[in-house]
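The values are calculated or read from the model by the stated rules, or taken from the named source; none is laboratory data. Since the structure is predicted, the reported quantities are computational estimates derived from the model, not experimental observations. Cβ placement follows ideal geometry from the backbone for every residue including glycine, while neighbour counts extend to all protein chains displayed.
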Amino acid sequence: MKKPRLQTITLNHPRERVPVAIVGDGSIATVGVGEGRMVPLVILDTRERQDLAEFIRLHQFITAGDVAVSWNKFDRNPDVISLVLRFSKPSETVAIIPFDLRKSHAILVEQILASRGLYIQAGEPGDRLRNDPNRPKVIVEIPDLDFGADWEKMLKGYAVRTYRAKGMSRAKAVPAAAQFMALLRAMAAARPFSASSAPTSPASPPREE
Amino acid sequence: MSGNNLTTSDAIAATLGALVSHWTEVAAAAAALVALVLSAKSNGTSRAALRLAQQQEQRRRPAVAPYLRAHRQERLPDAVTQYSFDITLGSQSDTDNAIVEAELHLNYRVDDAAVTAKIPQDPDHVTGDLVLPLKLGARDAMSGCCRFKVNDGVLNGAMVDLFAVVLVDTFGKAHRVEAQILRTP
């Protein structure tokens, strides 16, 4: 496992340093995107981030985009990992998206790692994918950043801690955590259909948590 | 008086005698003096050579000067506005270069957030357009038009504060020309 290192993130505006909370999530699978993989979607609270909402809206009209991606830890909380997206096109903005394992965001991270993609959508608390599936969203390609080993350790630690907190002995919590991780991975890797199959509807029903 | 002359002559003779008897030290001192003079001269030559090399290096650094000659906007069908910028590019460098990317930056505000939308150049070229990639030789100059088509949905009613054409060369350097007010022909 790589030793964590400090990284400087250049911001365009002080508002960008505030993490953009996930207020809703789901996943989308289409034949045309990601070879039929289930790509996770996060609805971000952009009430204080009009620049990010505008970026997502702009992308409907200007398809050329560019983004630099990194996984970062901003505090000592072992259960939160943040995805930092530094967009340079079609407009410049930075989004720090925190994934909190205590809020069942582990499946989202697993899906991101499995599908190598993430949809982001602007919104506010209460918004759900099913309420407005045609709302503008942007798919971000998340390359392999050698994050797998760190994530494995983080997820395992979280699962063991959770089982232990529920009264399980360490001897039982470790295999239970491994079972949980295998199940999570299987769910994340699921493909409703492959690129070769031609469903009558191009998209699977959106999943929501 | 003669006694004094004799004394002076004696002194000179004594000095010459001393010089002859210590000729090695004298020769070494003379050689050191010559070396010092040569070294000072060489230092001056080196400095001049360094200055020249630095000036040559400066001239080799990629430097492109864009000049905005004219700009205009016109409405097209299908709720599209075309922004056109007549640009002359001059290479101020002794190194060949090329322009690989052209973008129109539209600066506007959404609520209190400043946004810069980056519009790529229209891929459908007409005669007189700057067609990218555009080779720009050493000390060369080129002229042409950069056209950008912007759907009304992009601005969504927002008022543009600044138009800027940003040209990126093969060295990754961005060159920018700005316009505040665009007229309709």
| task | Take the range B:111-127 and flag every residue that is more than 7 Å from every other protein chain (Cβ to nearest Cβ) and within 14 Å of B:A164 (Cβ to Cβ). | result | B:A114, B:Q121
| Per-region count, the range B:81-139, residues charged (D, E, K, R) and in contact with a Pro (Cβ under 7 Å, 6 or more places away or on another chain) | 2
| message | Given the criteria at pLDDT below 90, away from every other protein chain (no Cβ under 12 Å) and over 26 Å from A:S88 (Cα atoms), does B:R60 qualify? | response | yes
| note | For the range A:83-124 the number of residues that are more than 14 Å from every other protein chain (Cβ to nearest Cβ), among the basic types (K, R) and part of a strand (DSSP E or B) is 1
| note | Filtering the range A:14-41 down to residues that are under 18 Å from A:I97 (Cα atoms) and out of contact with any helix residue (DSSP H, G or I) (no Cβ under 7 Å at 6 or more places or on another chain) yields A:P14, A:R15, A:E16, A:R17, A:V18, A:P19, A:A21, A:I22, A:V23
| request: Give the residue that is farthest from the chain's Cα centre (by Cα), with candidates limited to residues of the range B:128-156 that are away from every other protein chain (no Cβ under 14 Å) and in a loop (DSSP other than H, G, I, E, B). | output: B:G128
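So, in the range B:43-93, exactly how many residues are among the hydrophobic types (A, V, I, L, M, F, W, C) and touching a residue at least 12 places away in the same chain (Cβ under 8 Å)?
Qualifying residue count for the region: 11.
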| How many residues does the range A:177-192 contain that are more than 14 Å from A:W151 (Cα to Cα) and either loosely packed, with under 13 Cβ neighbours inside 10 Å or of a type in the set (D, E) (or both)? | 3
| note | Checking B:Q73, B:Q54 in turn, the sole residue that is of a type outside the set (S, T, Y), farther than 19 Å from B:A174 by Cβ and surrounded by 14 or more Cβ atoms within 10 Å (Cβ to Cβ) turns out to be B:Q73
